Amino acid sequence: MMLATAMLVACTSNGEENGNMAQNDSLDAVAAILNEGQDLDLSAFEWTREPESFEVKGDTIEIVTKPKTDLWQRTYYHFRNDNAPAFQLSTREKFFSFVVKTNFEESHHRFDQCGVVMYLDSDNWLKGSIEYENEQFQHLGSVATNNGYSDWATTAIPADVKSMWYRLSRREDDFCIECSTDGTEWSQMRVCHMYEAQDEIRFGIYACSPEESSFKAVFTDMKITECMWKAHDGQQPDEE
(Lines give C-alpha, C1' and ligand atoms only; values in the text may rest on other atoms or scores of the structure.)
Protein backbone atom coordinates (compact mmCIF):
# COMPACT_ATOMS: atom_id res chain seq x y z
CA MET A 1 0.00 0.00 0.00
CA MET A 2 1.14 3.48 -0.57
CA LEU A 3 0.54 6.87 0.71
CA ALA A 4 2.25 9.96 -0.27
CA THR A 5 2.74 12.87 1.92
CA ALA A 6 3.34 16.05 0.14
CA MET A 7 3.84 19.34 1.68
CA LEU A 8 5.05 22.42 -0.11
CA VAL A 9 6.94 25.22 1.48
CA ALA A 10 8.02 28.36 -0.33
CA CYS A 11 9.58 31.69 0.36
CA THR A 12 6.33 33.56 -0.08
CA SER A 13 3.55 34.01 2.45
CA ASN A 14 0.05 35.38 2.39
CA GLY A 15 -0.53 35.03 6.14
CA GLU A 16 -4.26 34.52 5.67
CA GLU A 17 -6.01 32.34 8.21
CA ASN A 18 -8.94 31.65 5.93
CA GLY A 19 -9.09 29.86 2.61
CA ASN A 20 -10.25 32.76 0.44
CA MET A 21 -8.94 32.44 -3.10
CA ALA A 22 -6.03 34.74 -3.92
CA GLN A 23 -6.35 36.92 -6.99
CA ASN A 24 -2.81 37.25 -8.32
CA ASP A 25 -0.36 36.07 -10.96
CA SER A 26 -0.46 32.50 -9.64
CA LEU A 27 -4.02 32.15 -10.95
CA ASP A 28 -2.88 31.21 -14.47
CA ALA A 29 0.24 29.22 -13.53
CA VAL A 30 -1.35 25.82 -14.21
CA ALA A 31 -2.65 26.96 -17.59
CA ALA A 32 0.82 28.27 -18.47
CA ILE A 33 2.35 24.91 -17.62
CA LEU A 34 -0.23 22.88 -19.55
CA ASN A 35 -0.64 25.14 -22.56
CA GLU A 36 2.75 26.80 -22.91
CA GLY A 37 5.12 24.20 -21.47
CA GLN A 38 6.38 26.44 -18.67
CA ASP A 39 8.14 24.91 -15.66
CA LEU A 40 6.49 24.72 -12.25
CA ASP A 41 7.53 27.87 -10.38
CA LEU A 42 7.43 27.65 -6.59
CA SER A 43 7.13 31.42 -6.33
CA ALA A 44 3.58 31.10 -7.70
CA PHE A 45 2.54 29.19 -4.57
CA GLU A 46 1.16 30.91 -1.50
CA TRP A 47 0.76 29.94 2.13
CA THR A 48 -2.47 29.37 3.91
CA ARG A 49 -0.94 29.69 7.37
CA GLU A 50 2.83 29.82 7.03
CA PRO A 51 4.76 27.32 9.21
CA GLU A 52 7.22 28.63 11.75
CA SER A 53 10.09 26.65 10.22
CA PHE A 54 10.66 25.77 6.56
CA GLU A 55 13.41 25.80 3.95
CA VAL A 56 13.54 25.77 0.17
CA LYS A 57 16.66 24.29 -1.43
CA GLY A 58 16.39 24.16 -5.21
CA ASP A 59 13.37 21.97 -5.91
CA THR A 60 13.32 20.51 -2.39
CA ILE A 61 11.01 21.86 0.30
CA GLU A 62 11.43 21.03 3.97
CA ILE A 63 8.80 21.81 6.58
CA VAL A 64 9.16 21.33 10.33
CA THR A 65 5.75 20.83 11.87
CA LYS A 66 4.47 22.59 14.95
CA PRO A 67 2.74 20.62 17.74
CA LYS A 68 -1.07 20.67 17.90
CA THR A 69 -1.63 21.49 14.23
CA ASP A 70 -4.26 19.62 12.23
CA LEU A 71 -7.18 19.70 9.79
CA TRP A 72 -10.46 18.11 10.88
CA GLN A 73 -14.13 19.11 11.03
CA ARG A 74 -16.69 17.69 13.47
CA THR A 75 -17.53 14.16 12.31
CA TYR A 76 -17.26 11.43 14.96
CA TYR A 77 -14.74 13.25 17.14
CA HIS A 78 -17.02 16.31 17.37
CA PHE A 79 -14.10 18.75 17.53
CA ARG A 80 -12.79 21.15 14.92
CA ASN A 81 -9.11 21.71 14.05
CA ASP A 82 -8.19 24.19 11.34
CA ASN A 83 -4.60 25.36 11.82
CA ALA A 84 -2.34 23.19 9.62
CA PRO A 85 -0.16 25.09 7.13
CA ALA A 86 -0.74 24.51 3.42
CA PHE A 87 1.36 25.67 0.46
CA GLN A 88 -0.87 26.00 -2.56
CA LEU A 89 -1.27 27.10 -6.15
CA SER A 90 -4.45 28.75 -7.45
CA THR A 91 -6.08 27.76 -10.72
CA ARG A 92 -9.31 27.71 -12.69
CA GLU A 93 -8.08 24.85 -14.88
CA LYS A 94 -10.69 22.08 -14.78
CA PHE A 95 -8.52 19.12 -15.90
CA PHE A 96 -4.99 18.45 -14.58
CA SER A 97 -2.89 16.29 -12.26
CA PHE A 98 -0.49 17.39 -9.52
CA VAL A 99 2.34 15.03 -8.48
CA VAL A 100 4.70 15.22 -5.49
CA LYS A 101 7.09 12.90 -3.66
CA THR A 102 7.12 13.00 0.13
CA ASN A 103 9.70 11.83 2.65
CA PHE A 104 8.78 11.59 6.33
CA GLU A 105 11.64 9.61 7.87
CA GLU A 106 11.48 11.74 11.02
CA SER A 107 7.79 11.13 11.76
CA HIS A 108 7.62 9.26 15.06
CA HIS A 109 4.53 10.32 16.99
CA ARG A 110 0.86 9.42 16.67
CA PHE A 111 -0.92 11.32 13.88
CA ASP A 112 2.22 12.97 12.43
CA GLN A 113 1.30 13.47 8.75
CA CYS A 114 2.13 15.16 5.46
CA GLY A 115 0.81 14.94 1.93
CA VAL A 116 -1.32 16.58 -0.74
CA VAL A 117 -4.13 19.01 -0.01
CA MET A 118 -6.82 21.05 -1.71
CA TYR A 119 -7.83 23.63 0.90
CA LEU A 120 -10.66 25.94 -0.17
CA ASP A 121 -11.80 27.16 3.25
CA SER A 122 -12.21 25.77 6.75
CA ASP A 123 -15.35 23.81 5.82
CA ASN A 124 -14.31 22.53 2.38
CA TRP A 125 -11.05 20.72 1.72
CA LEU A 126 -9.46 17.44 0.66
CA LYS A 127 -6.23 15.82 1.85
CA GLY A 128 -4.27 12.59 1.35
CA SER A 129 -1.37 11.43 3.54
CA ILE A 130 0.16 8.81 5.78
CA GLU A 131 -0.47 9.22 9.49
CA TYR A 132 1.99 7.63 11.89
CA GLU A 133 0.38 5.41 14.52
CA ASN A 134 3.05 3.33 16.29
CA GLU A 135 6.18 1.25 15.63
CA GLN A 136 4.14 -1.48 13.93
CA PHE A 137 1.82 0.35 11.52
CA GLN A 138 0.57 3.66 10.19
CA HIS A 139 -2.49 4.81 8.27
CA LEU A 140 -2.50 5.51 4.55
CA GLY A 141 -5.63 7.51 3.97
CA SER A 142 -7.57 10.52 2.84
CA VAL A 143 -10.13 12.96 4.20
CA ALA A 144 -12.83 14.74 2.21
CA THR A 145 -14.51 17.62 4.02
CA ASN A 146 -17.70 19.05 2.51
CA ASN A 147 -19.83 21.75 4.15
CA GLY A 148 -18.05 21.43 7.49
CA TYR A 149 -18.05 17.64 7.95
CA SER A 150 -15.03 15.36 7.49
CA ASP A 151 -14.78 11.67 6.68
CA TRP A 152 -11.70 9.47 6.97
CA ALA A 153 -10.90 6.50 4.69
CA THR A 154 -7.78 4.50 5.63
CA THR A 155 -5.85 1.28 5.33
CA ALA A 156 -3.00 0.08 7.55
CA ILE A 157 0.52 -0.09 6.10
CA PRO A 158 3.85 -0.99 7.75
CA ALA A 159 5.48 1.66 9.90
CA ASP A 160 8.78 1.36 8.02
CA VAL A 161 7.33 3.01 4.90
CA LYS A 162 8.93 6.45 4.98
CA SER A 163 8.50 7.77 1.45
CA MET A 164 5.46 8.08 -0.81
CA TRP A 165 4.38 9.71 -4.05
CA TYR A 166 0.93 11.31 -4.42
CA ARG A 167 -1.07 12.33 -7.45
CA LEU A 168 -4.08 14.64 -7.10
CA SER A 169 -6.23 14.88 -10.24
CA ARG A 170 -9.10 17.20 -11.05
CA ARG A 171 -11.96 16.63 -13.49
CA GLU A 172 -14.13 19.72 -12.98
CA ASP A 173 -15.57 19.39 -9.45
CA ASP A 174 -14.61 15.73 -9.03
CA PHE A 175 -11.21 14.63 -7.70
CA CYS A 176 -9.01 11.55 -7.46
CA ILE A 177 -6.10 10.91 -5.09
CA GLU A 178 -3.59 8.18 -5.94
CA CYS A 179 -0.37 7.00 -4.32
CA SER A 180 2.78 5.25 -5.49
CA THR A 181 5.98 3.89 -4.00
CA ASP A 182 8.02 4.58 -7.15
CA GLY A 183 6.23 7.41 -8.98
CA THR A 184 5.38 5.05 -11.85
CA GLU A 185 2.77 2.53 -10.72
CA TRP A 186 -0.23 4.21 -9.09
CA SER A 187 -2.97 2.93 -6.78
CA GLN A 188 -6.28 4.73 -6.30
CA MET A 189 -6.98 5.99 -2.78
CA ARG A 190 -10.15 8.00 -3.28
CA VAL A 191 -12.59 9.43 -5.81
CA CYS A 192 -14.84 12.18 -4.46
CA HIS A 193 -16.98 15.18 -5.31
CA MET A 194 -16.19 18.57 -3.78
CA TYR A 195 -19.26 20.78 -3.74
CA GLU A 196 -17.40 24.11 -3.53
CA ALA A 197 -14.78 23.30 -6.18
CA GLN A 198 -16.79 24.49 -9.15
CA ASP A 199 -14.43 27.19 -10.37
CA GLU A 200 -11.18 28.45 -8.82
CA ILE A 201 -9.41 26.13 -6.40
CA ARG A 202 -6.14 26.02 -4.51
CA PHE A 203 -4.07 22.85 -4.14
CA GLY A 204 -0.60 21.77 -3.01
CA ILE A 205 1.02 20.25 0.06
CA TYR A 206 0.59 20.29 3.83
CA ALA A 207 2.14 18.84 7.00
CA CYS A 208 1.06 18.82 10.63
CA SER A 209 1.43 17.18 14.05
CA PRO A 210 -1.91 17.03 15.91
CA GLU A 211 -0.39 16.03 19.27
CA GLU A 212 2.71 17.12 21.21
CA SER A 213 5.26 16.35 18.52
CA SER A 214 7.21 17.82 15.62
CA PHE A 215 8.97 16.34 12.59
CA LYS A 216 10.57 17.37 9.29
CA ALA A 217 8.59 16.64 6.11
CA VAL A 218 10.47 16.77 2.79
CA PHE A 219 8.79 17.36 -0.59
CA THR A 220 10.45 16.87 -3.98
CA ASP A 221 9.69 16.06 -7.64
CA MET A 222 6.61 18.25 -7.87
CA LYS A 223 5.03 18.62 -11.27
CA ILE A 224 1.76 19.44 -13.02
CA THR A 225 0.63 17.38 -16.00
CA GLU A 226 -2.40 16.84 -18.17
CA CYS A 227 -5.10 15.00 -16.26
CA MET A 228 -3.94 11.41 -15.79
CA TRP A 229 -7.32 10.42 -14.35
CA LYS A 230 -9.08 9.49 -17.54
CA ALA A 231 -12.78 9.80 -18.31
CA HIS A 232 -14.90 6.85 -17.19
CA ASP A 233 -15.31 4.25 -19.96
CA GLY A 234 -18.03 2.15 -18.35
CA GLN A 235 -21.69 2.95 -17.69
CA GLN A 236 -22.80 6.11 -19.43
CA PRO A 237 -24.17 9.06 -17.44
CA ASP A 238 -27.92 9.14 -16.77
CA GLU A 239 -29.91 11.54 -18.90
CA GLU A 240 -31.16 14.56 -17.02
Checklist outcome for this item: Per the charge dipole of the range 88-240 (beta-carbon charges, Lys/Arg positive, Asp/Glu negative, Cα centre), the residue among 198, 132, 148 reaching farthest to the positive end is 132
Item to check | Cβ-placed point charges (K, R +1; D, E -1), dipole of the chain about Cα centre in debye, nearest 20 | outcome: 420 debye
Checklist entry - Given Cα pairs under 8 Å that are at least 6 residues apart, what percent is the relative contact order of the chain? => result 30 percent
Item to check | Accessible carbon and sulfur surface of the chain relative to its total accessible area, %, 1.4 Å | outcome: 43 percent
Next on the checklist: Less than 17 Å from a label point 7 Å out along the Cα-to-Cβ axis of residue 35: which backbone N atoms in the range 73-95 qualify, by residue?
Outcome noted: 90-95
Item to check | Whole-Å distance, taken between Cα centres, linking the range 193-240 and the range 160-189 | outcome: 9 Å
Item to check | the range 162-210: C-alpha gyration tensor shape, a/c 1.5 cut-off, then a/b vs b/c | outcome: oblate
Checklist entry - Between residue 59 and residue 193, what length in nm is gained on full extension when 0.36 nm per residue of separation is reduced by their alpha carbon distance? => result 45.1 nm
Item to check | Fraction in percent of alpha-carbon pairs per bin - 10 Å, the range 82-126 | outcome: 18, 50, 27, 5
Checklist outcome for this item: With a ≥ b ≥ c from the Cα gyration tensor eigenvalues, square-rooted, and the rule rounded for a/c under 1.5, otherwise prolate when a/b > b/c and oblate otherwise, the range 94-169 is oblate
Item to check | the chain shape via C-alpha gyration tensor axes, a/c threshold 1.5 | outcome: rounded
Checklist outcome for this item: GNM of the chain, Cα pairs under 10 angstrom: of 75, 145, 184, the biggest fluctuation goes to 184
Item to check | For the range 102-227, fraction of C-alpha pairs farther apart than 18 Å, in % | outcome: 51 percent
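The values are calculated or read from the model by the stated rules, or taken from the named source; none is laboratory data. This one's a predicted model, so the numbers in the text were calculated from it and none came from an experiment. Positions of Cβ are backbone-derived with ideal geometry, glycine not excepted, and every protein chain shown enters the neighbour counts. Ligands, DNA and RNA are stripped out before the accessible areas are found, and what is left, the full protein with its side chains, is counted by its heavy atoms. Shrake-Rupley method; radii C 1.70, N 1.55, O 1.52, S 1.80 Å.
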